[in-house]
Structures are given as structure tokens and as C-alpha cells.
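Report on the following structure.
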Amino acid sequence: MLGFLALGATKAQAFIIEGGRPVGIALGQTARVNILNTGDRAFIIDGSKFLDNDGNVIATFRGTIDPGKTMSFDLDRDSFIREQNRVEIHFVIEGPVPHLKGALISLEVFNNADGRTTVFLGGPDT
């Protein structure tokens with residue numbers, strides 16, 4: 001199962017969830033975070049981001065996910081410049097309370113050319 005570290009509520013009453021396992025993406029690939037809302041309230045995703053292995057923000061994402069709906073957030077490796085072909089990344093999801101009770105979160109990496117998934121984290125065996 002994809003491991004997450006919930007850091008809890010802060011003074012601003014927000015939640016922060018950090019993606020459990022970093023993954024590498026290379027030119028020609030996209031990383032996608034999928035969030036399914038199985039709860040009975042909408043989730044507000046605000047201030048969430050993809051980070052590189054040095055903690056630098058590569059991209060941000062936000063949105064509202066209604067009950068029974070899924071939202072995906074993509075990071076295309078071809079959309080940002082780095083010296084190396086491959087970059088290690090992870091993600092952080094932030095938003096106001098209530099927490100993401102009932103959220104199913106996964107991370108996948110796929111090839112842009114053919115859509116083939118090369119990495120999937122979030123199933124019962126990962």
C-alpha cells in the first residue's frame with residue numbers, strides 16, 4: 001500500500017499528506033497523482049505540489065474533488081528543465097480541514113508516447 005505520512009492539523013487548521021515513496025521520471029514520461037473521494041464530503045486540494053529530491057517545487061496543483069469523483073494531477077518531465085534526463089520526485093497534498101477521510105491516492109508514471117504505465121504505487125501490494 002502506498003505509504004503516507006499525515007502531519008496533522010496546524011494552527012491554520014490544514015492537513016498535509018506527503019507521498020510515501022519517491023519515484024524517478026525521465027524525459028518522455030509523466031507522473032500522475034490520482035485521488036478518489038469515497039467519502040461523503042468534497043475535498044479541497046490547495047497548495048499541493050510535486051517536489052524534486054532536493055525539495056524544490058517543480059509544479060503545484062489544486063482543485064475540489066466531489067464525493068464519488070476522481071481527480072488527477074500530472075507532471076510531464078518534458079515540461080521543466082534539469083541537467084539530467086532522470087529526476088527523482090515526490091508529492092505533497094495540502095488542504096483545509098476536514099482531512100481526506102475516504103481518499104484513495106495513487107501515483108503512476110507512464111510513457112507519453114504510448115500511454116503505457118511503467119510504475120504504479122497505491123494498490124494493495126505496494
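Any idea what the relative contact order of segment 40-101 is, in percent, if you count C-alpha pairs under 8 Å spaced at least 6 apart? Don't skip to the end; give the middle numbers.
Values: 85 pairs, mean separation 28.7, N = 62.
Taking the mean separation of contacting Cα pairs over the length of segment 40-101, I get 46 percent.
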Query raised in the report: Which sequence of Lys49, Lys101 reflects their accessible areas, 1.4 Å probe, from the largest down?
Result: Lys101, Lys49
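DSSP loop (so not H, G, I, E, B), at most 15 other Cβ within 10 Å: list which chymotrypsin sites (Phe, Trp or Tyr not before Pro) in segment 51-126 pass both filters. Before the final figure, lay out the partial values.
Details: sites: Phe61, Phe73, Phe80, Phe91, Phe110, Phe120; in loops: Phe80.
Listed in order of number, the matching sites are Phe80.
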**Report entry** Pairwise FRET efficiency - Leu104 versus Gln84, Cβ, R0 = 30 Å, nearest 0.05
**Finding:** 0.40
Report summary line: Under a 1.4 Å probe, counting only protein heavy atoms, Ile58 has an accessible area in Å², nearest 10, of 40 Å²
Report task. At 1.4 Å probe size, with no ligands or nucleic acids counted, give the accessible surface of Asp74 in Å², nearest ten. Result -> 80 Å²
Query raised in the report: Could you give the accessible area per residue of segment 12-71, probe 1.4 Å, as a whole number in Å²?
Result: 49 Å²
Requested in this report: Pull out a ≥ b ≥ c, the square roots of the eigenvalues of the alpha-carbon gyration tensor of segment 46-121, then state rounded if a/c is under 1.5, prolate if not and a/b is larger than b/c, and oblate in the remaining case.
Outcome: oblate
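The values are calculated or read from the model by the stated rules, or taken from the named source; none is laboratory data. The shown structure was predicted, so the numbers you read here are calculated from the model rather than taken from an experiment. In this analysis, Cβ positions are derived from the backbone assuming ideal geometry, glycine residues included, and neighbour counts consider all displayed protein chains. When the accessible area is computed, the model is the full protein with side chains, heavy atoms only, and any ligands, DNA or RNA have been set aside. Shrake-Rupley method; radii C 1.70, N 1.55, O 1.52, S 1.80 Å.
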